[in-house]
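No value in this document is a laboratory result; all are computed from the given coordinates. Remember, it's a predicted structure, so these values are computed and weren't measured experimentally. A quick note on method: Cβ atoms are made from the backbone with ideal geometry, for glycine too, and the neighbour counts reach across all protein chains shown.
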Amino acid sequence: MQVQRPAYDRGATCIGVVHFGPGAFHRAHQAVYLDELLATEPDWAICAVSLHSAGVRDALQPQDGLYTLALLDEPPRLRVIGAIREVLCAPQQRDAVMARLVDPAVRLVTLTITEKGYCLSPDGVDAAHPDIAHDLSAPDAPVSAIGWLVAGLRARRAAGLAPYTMLSCDNLADNGLRLRRAVLDFARRLDPGLAGWIDVEASFPRSMVDSITPASDDALRARVSDELGVEDVWPVQREPYTQWVVEDDFRAGRPAFERAGVVMSGEIAGFDRAKLRLLNAPHSALAYLGSLMGLGTVAEAMGDPTLAGFVERMMRADITPTLALPEGLDADAYIDAILERFRNPAIVHRLSQIAWDGSQKVPVRLLGTIADALAADRPVDRLCLPVAGWLRFVVRQAQAGEALVDPMAEALEGLGRDATGDTDRDIADFLSLDAVFAPLASDPRFVDALQRAYAALGEGDRAAVASALTA
Ligand code: CS2
């Protein structure tokens with residue numbers, strides 16, 4: 001097999017980007033775009049910073065930051081990525097992280113901290129969140145991404161340096177606006193002058209990221225070490241398709257992203273909503289409804305004609321009418337391409353991976369569409385089925401004593417254990433989760449449709465789910 005290696009002198013590159021959250025997605029996506037650019041723009045290598053665990057550092061440091069990307073094509077292709085020049089674990093290497101943040105050569109901070117990393121409440125940053133509360137009382141010893149960003153900005157301002165640009169690469173609508181809100185509100189609580197300076201001098205471009213990245217597994221590690229003849233402790237894998245759309249608002253300069261295939265666009269909101277609603281919402285629908293039906297992977301779920309047909313109808317008939325698509329993006333072609341990607345037989349993408357963090361994903365993937373449909377007086381029955389599927393999934397996991405991977409796991413497991421099967425009561429209990437369901441919970445049209453969907457899924461067994469999907 002042909003293995004592509006960095007086509008540049010890594011020793012001649014220098015760190016211009018700090019990235020918070022170097023999980024598989026960052027390493028399979030943004031780092032690959034920068035890897036593409038380093039031959040002509042050596043100033044944009046990455047310092048990758050984990051906020052919690054030392055796992056990535058301990059895996060990548062002995063490999064000098066190098067790792068393998070497997071592109072899951074027929075046949076698969078391997079590529080060694082060299083863009084990460086330094087890997088730090090923030091809790092153990094505070095001074096080194098701060099030194100990077102105040103380094104004038106660092107002009108860009110990128111983030112993949114997942115939906116939960118933004119710590120936002122409806123009024124701004126969530127001061128009751130334990131990490132935010134900690135960082136507000138100890139701003140020089142931050143633990144959250146927001147705390148780190150502001151600590152770095154404060155030090156730069158004190159040193160007379162310009163701020164870095166903060167580029168969110170998380171899968172959230174208006175990710176840059178959310179980051180800006182969290183950072184400014186946090187800074188304001190510490191020092192209004194600092195907040196004013198950030199507001200005027202710094203930028204927070206929005207971006208849309210897309211590439212299906214199944215978690216790394218032993219099969220991948222074995223495949224990579226067979227092909228390379230050396231062991232890579234933590235390779236990553238993704239589908240060949242990749243997209244990155246970025247708003248062009250970089251006050252501190254930027255790499256020539258477009259040379260690596262990044263789309264610089266002023267219509268970012270159209271792109272990110274289309275992606276969240278037409279790719280991620282169907283993904284979550286497949287994950288919850290497919291898991292209830294006893295299916296294991298996205299490709300298997302797409303192989304079930306009832307489920308695949310339901311998801312396609314939901315995409316075309318219910319989701320598309322809620323979208324204002326950017327010019328040039330044709331809904332039917334976009335949907336066709338997504339369904340094709342879901343069917344890719346070369347990818348083993350576990351439904352359980354997509355089912356993680358439902359409390360964070362369901363609102364941004366499905367509930368916004370439901371709110372828009374209700375505002376336009378359109379039916380929401382089909383859209384409520386995956387939401388009810390999530391609740392049935394929670395109940396099933398909790399009653400089987402299986403842990404949920406979710407920042408709200410404790411509350412969800414409690415509700416799941418207490419669920420009685422009485423639709424009105426179960427739904428009323430779940431709807432009391434304001435962080436997920438407000439303000440929709442007070443709309444009787446939504447409550448009715450969710451109750452009907454929950455009842456239709458029955459005990460969540462295969463036959464009941466299949467009949468709910470065709471009703
Ligand atoms: C998936 C996404 O795990 C999930 O929740 O829906 O990670 C999805 O694969 C990516 O957003 C695709 O770009």
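A few notes on this one:
- Per-residue Cβ neighbour rank within 10 angstrom, fewest leading, Thr470, Thr297: Thr470, Thr297
- Highest-first packing order for the peptide set 447-455, 53-61 is 447-455, 53-61, based on the mean count of other beta carbon atoms within 10 Å.
- With both labels modelled 7 Å from their Cα along Cα-to-Cβ, the Arg445 to Ala12 distance reads 6.2 nm.
- Summed residue charge, Cβ within 12 Å of Glu115's Cβ, Lys/Arg positive, Asp/Glu negative: +1
- Semi-axes of the equivalent ellipsoid for the stretch 71-176, computed as √(5λ) from the eigenvalues of its C-alpha gyration tensor and ordered from largest down, come to 27, 20, 14 Å.
- Once exposed loop GluC sites (Glu not before Pro) are cut out (DSSP; at most 15 other Cβ, 10 Å), longest piece of the chain: 1-230
- The simple Förster model, with R0 at 30 Å and r as the Cβ-Cβ distance, assigns Leu190 and His52 a FRET efficiency of 0.85.
- Taking the longest Cα principal axis of the chain as reference, the axis of helix 192-201 is set at about 80 degrees.
- Summed side-chain charge close to Arg316 - residues other than Arg316 whose Cβ falls under 13 Å, Lys, Arg +1, Asp, Glu -1: -2
- The residues neighbouring Gly152, those whose beta-carbon lies less than 13 Å from its own, together hold a net charge of +2 under the Lys/Arg +1, Asp/Glu -1 convention.
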